[in-house]
1. Using Cα springs under 10 Å in a Gaussian network model of the chain, which residue among Thr333, Thr224, Thr378 shows the largest mean-square fluctuation?
2. Starting from the Cα of Thr18, step 7 Å along the direction of its Cβ; do the same at Arg263; then give the gap between the two resulting points in nm.
3. With label points built 7 Å along Cα→Cβ from the Cα atoms of Val356 and Thr299, find their separation and express it in nm.
4. Do any GluC sites (Glu not before Pro) in the range 130-203 lie in a loop, going by DSSP, with at most 16 other beta-carbon atoms within 10 Å of their beta carbon, and if so which?
5. In the range 94-169, what is the volume of the convex hull around the alpha carbon atoms, normalised per residue and reported in Å³?
6. Please determine, in degrees from 0 to 90 and to the nearest 10, the orientation of helix 287-302 with respect to the longest principal axis defined by the Cα atoms of the chain, where the helix direction is its Cα long axis.
7. If Lys and Arg each add +1 and Asp and Glu each add -1, what is the summed charge of the other residues whose beta carbon sits under 15 Å from the beta carbon of Thr182?
8. Can you list the lysines whose alpha carbon sits under 22 Å from that of Lys134, skipping same-chain ones fewer than 8 residues off?
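The values are calculated or read from the model by the stated rules, or taken from the named source; none is laboratory data. These numbers were taken from a predicted model, which means no experiment stands behind them. Glycine gets a Cβ as well: all are built from the backbone with ideal geometry, and neighbour counts include every protein chain shown. Just the protein is used for accessible areas: all its heavy atoms, side chains included, with ligands, DNA and RNA removed. Shrake-Rupley method; radii C 1.70, N 1.55, O 1.52, S 1.80 Å.
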Amino acid sequence: MFSEECQLADLLNQFNTTADTGQNRLVYSEQWVHNQQTLILLGQNHGAQAMVDDYGNVSLDFPGQEETLPIATGSHMDTVRQGGRYDGLYGVLGGFCAIQKMYQQGDLPKKPLRLISFSEEEGSRFPAAFTGSKYYTGQQQQVAALVDETGITFEQARSNAVKQLQAMNVRRQRAPLPASFTELHIEQGPRLAQAHQPIGLVTGIVAQNRYKVTVHGQANHAGTTPMAQRQDAIATASRLMASLYDLADKSSNSLTFTIGEIRVSPNVSNVIAESCTFTIDCREESDERLATFLSAMNTVIKQFDNVTVEQTLHVPATLLSQALRQRNAKIATQMKFPFQELFSGAGHDSQIMNTVVPTTMIFVPSKTGISHAPAEHTKMSDLLIGVALLTASLSAQANEA
Ligand code: GLV
Ligand code: MN
Ligand code: MN
């Protein structure tokens with residue numbers, strides 16, 4: 001089935017662009033469609049059955065000796081705007097290489113294997129995240145009417161992109177759930193690199209809430225409107241933002257708080273702003289501490305007039321499978337790969353998969369800890385250690401009685 005050596009470096013080059021602005025594989029974009037199509041063909045050329053569901057999640061099923069639920073691996077195909085080469089894609093292509101290696105090792109594994117390329121995890125195009133894995137796991141979502149910055153709805157983008165994938169020689173269905181899920185990913189933070197450790201085994205993933213905050217003002221002339229008679233949305237928004245950062249600075253050490261996107265209307269230098277909309281992304285290892293922060297945040301927001309707040313995401317903190325992690329720890333020890341256990345500050349499809357099947361994650365170091373940026377980098381030798389551990393882990397899971 002698999003004859004040639006898996007070339008991870010070549011695959012990463014093939015699926016990434018060389019643009020200075022990094023990777024812009026927003027969900028359902030042209031590049032996203034192209035990559036999901038290329039992945040389907042790659043899997044089919046190596047003997048996989050392809051399934052594409054109505055959200056554009058791709059599942060590639062490789063046979064085992066038994067007709068049981070597959071052992072799954074994979075990650076997401078989308079990126080943030082101006083993202084890096086590895087976030088998501090490494091788990092997809094590294095997962096492909098791991099499965100390829102297993103089949104090169106000889107006999108068919110007892111259980112089938114599955115590679116999943118989730119449609120969307122980042123929440124960078126539409127104000128909703130994890131829409132791919134949420135659909136995969138059967139969660140209800142109200143996303144059809146959400147719009148991107150150009151006014152295209154989720155539904156329009158989804159149906160146009162998925163149509164192109166489902167026109168291929170694939171099964172058009174939501175995949176039945178696998179027996180387990182193991183996600184390979186870059187750490188996206190500095191801990192492994194600073195500790196000179198090639199492997200991280202993930203204990204859990206942070207709770208995360210996101211919001212869209214809009215401050216409403218009155219558009220008016222910048223030169224003629226007396227300062228005391230203005231309703232300036234930017235003046236109010238900037239004070240509110242400063243108060244929220246002050247609050248976050250005084251909160252628990254494990255809280256992260258980010259305002260990553262600001263939009264102003266009409267966005268003209270000699271017009272007082274009519275509205276200013278900004279996003280809030282806040283995360284905590286503990287659901288309770290996040291709730292405490294959110295309640296204080298609400299109190300601050302209520303001190304400002306003409307502000308509306310819309311929640312766009314809530315995911316609780318997640319503890320991943322201890323049994324799968326302990327097994328990976330044993331395998332890493334046997335393979336002489338130093339590792340550390342860590343909690344993830346980044347969100348992952350694994351926290352959604354974990355609600356329905358035993359799920360674990362393997363991290364490799366991010367050079368200088370940079371991620372969600374074109375400078376994201378992991379050296380090839382570290383990427384290959386991750387693939388080697390994933391191969392051994394999938395093999396152990398697929399060949400157990
Ligand atoms: C996804 O990568 C996130 O953690 O924002
Ligand atoms: Mn990711
Ligand atoms: Mn990401």
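1. Thr224
2. The two pseudo-label positions are separated by 3.4 nm.
3. Label-label distance for Val356 and Thr299, simple model: 4.0 nm.
4. Numbers: sites: Glu149, Glu155, Glu183, Glu187; in loops: Glu149, Glu187.
Filter output for the range 130-203: Glu149.
5. Details: hull volume 9.5 nm³, N = 76.
Expressed per residue, the convex hull around the Cα atoms of the range 94-169 is 125 Å³.
6. The angle comes out near 20 degrees.
7. Numbers: positive: Lys101, Lys111, Arg114, Arg325, Arg327, Lys330; negative: Glu183, Asp349, Glu400.
Combined, the nearby Lys, Arg, Asp and Glu give +3.
8. Partners found: Lys163, Lys212.
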